[in-house]
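No lab work stands behind these numbers, since they all come straight from the coordinates. Quick caveat, the model's predicted, so the values are computed rather than measured. Methodologically, a virtual Cβ is constructed for each residue, glycine included, from the backbone with ideal geometry; neighbour enumeration extends over all protein chains shown.
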Amino acid sequence: MRYVKHYGTWGYILHRLSGLALTGYILIHIYLVSGLHNRPVWDQEMQIFRHPALMVLEWFLFSVVVYHSLNGLRIFMIDYFNGARYQKQLLTGVLVLSVILFAGMGAIMFL
Amino acid sequence: MSFKFEGASKSGSFGWYFQRVTGVVLFIQVLAHFYIAHRTWDAGHDWPTIIARLSNPYMQMFYLVFVALGLYHGLNGLWSIIRDYHMSEGRRQFIFGVIVTVGVFIGVLGFITMLTLPSVQ
């Protein structure tokens, strides 16, 4: 079965994909932070995270958190503050803000 | 019973409601977490700095709540995505069991990490 993909549907799809990514991340993150028990283990982990490829992934992680957070607020507004009336404008706002913050964080991290 | 005119927020679905509540709390906590852990380079990477910070019981309490709500919100979201797909009752129960087991295992690991940290030498 295929649904027609309206503008808001993409917000829904992105929310699910970013949610899945973040759930995977939080499991890995809690596991890795348990390395704090042993300083050499921790220092080695931090050494690994200095790798440029992982820093780029961290940058993407930030943008995924930003999108999921902002769109989460949009969902909250749709559910509780009559946001369904202007959900398209809200989604545009979420996407524009996400891109701006993504670019801004890239500038902070890599420039 | 029809909830057609009640609005989704009054349908009595606890999972739906609690996903909103935890979402809003996590929104605030994630901002705080980013500030705490990435205010400076050392704040999130240097072992003595992190251990000193997490020796504060309020900080530990913050992270116990963060771990519990984060895992609940994430795994409940995963479960609600999976429920959208048709599958046999046995497979549903198996997947639910795996999700709960992973959640409890990682949650306990996170709690142990936070409550039994070594002290700075």
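Across the alpha-carbon set of the protein assembly as shown, the Rg to Rh ratio works out to 0.99, Rh being the Kirkwood radius.
How far is helix A:39-48 tilted, in degrees, relative to the longest principal axis of the Cα atoms in chain A, given as a value from 0 to 90 rounded to the nearest 10? Helix A:39-48 sits at roughly 60 degrees to that axis.
Amide H contacts for B:Ser55 (H built 1.01 Å from N in the peptide plane; partners 5 or more residues away or on another chain; cut-off under 5 Å): none found. Label-to-label distance for B:Thr49 and A:Phe60 is 2.7 nm, based on points extended 7 Å past Cα in the beta-carbon direction. Considering only A:Met77, A:Leu57, A:Ile26, the residue lying farthest towards the positive end of the dipole of chain A is A:Met77, judged by Cα position with unit charges set on Cβ. Counting only other residues whose beta carbon sits under 15 Å from that of B:Ala52, what net charge do I get with K and R as +1, D and E as -1? With Lys, Arg at +1 and Asp, Glu at -1, the net is +1. For chain B, the extents of the C-alpha atoms along the principal axes are 61, 34, 22 Å, listed from largest to smallest. Using only alpha carbons, segment A:4-110 has a radius of gyration to Kirkwood radius ratio (Rg to Rh) of 1.09.
Between A:Lys88 and B:Ser88, what is the FRET efficiency for a Förster distance of 22 Å, r being their Cβ-Cβ separation, to the nearest 0.05? Working shown, then result.
On the way: r = 38 Å, r/R0 = 1.75.
Computed FRET efficiency for A:Lys88 and B:Ser88: 0.05.
In the elastic network of chain A, a GNM with C-alpha springs shorter than 10 Å, the most mobile of A:Val96, A:Val56, A:Val41 is A:Val41.
So how tilted is helix A:87-110 from the main axis of chain A? Cα-based, degrees 0 to 90, rounded to 10. In chain A, helix A:87-110 runs at an angle near 20 degrees to the longest axis.
Dividing the mean sequence gap of close Cα pairs (under 8 Å, 6+ apart) by how many residues segment A:7-110 holds gives a relative contact order of 33 percent. The distance between label points at A:Leu111 and B:Thr116 comes to 4.7 nm (points 7 Å beyond Cα on the Cα→Cβ vector). Fewest-first ordering of B:His86, A:His6, A:His29, A:His68 by other beta carbons within 10 Å of each residue's beta carbon gives B:His86, A:His6, A:His29, A:His68. With the helix formula -39500 (n - 2.57) applied to DSSP H stretches of n ≥ 4, the protein assembly as shown reaches a computed 222 nm mean residue ellipticity of -27000 deg cm²/dmol. For chain B, the membrane-span-like helices by this rule, meaning whole DSSP H stretches whose C-alpha atoms cover at least 24 Å of axis and whose Kyte-Doolittle mean is 0.5 or above, are B:14-38, B:57-82, B:89-115; this says nothing about an actual membrane.
When the charge dipole of chain B is built from unit charges on Cβ atoms (+1 for Lys and Arg, -1 for Asp and Glu) and taken about the Cα centre, the candidate among B:Val21, B:Leu31, B:Tyr85 whose Cα reaches farthest toward its positive end is B:Tyr85.
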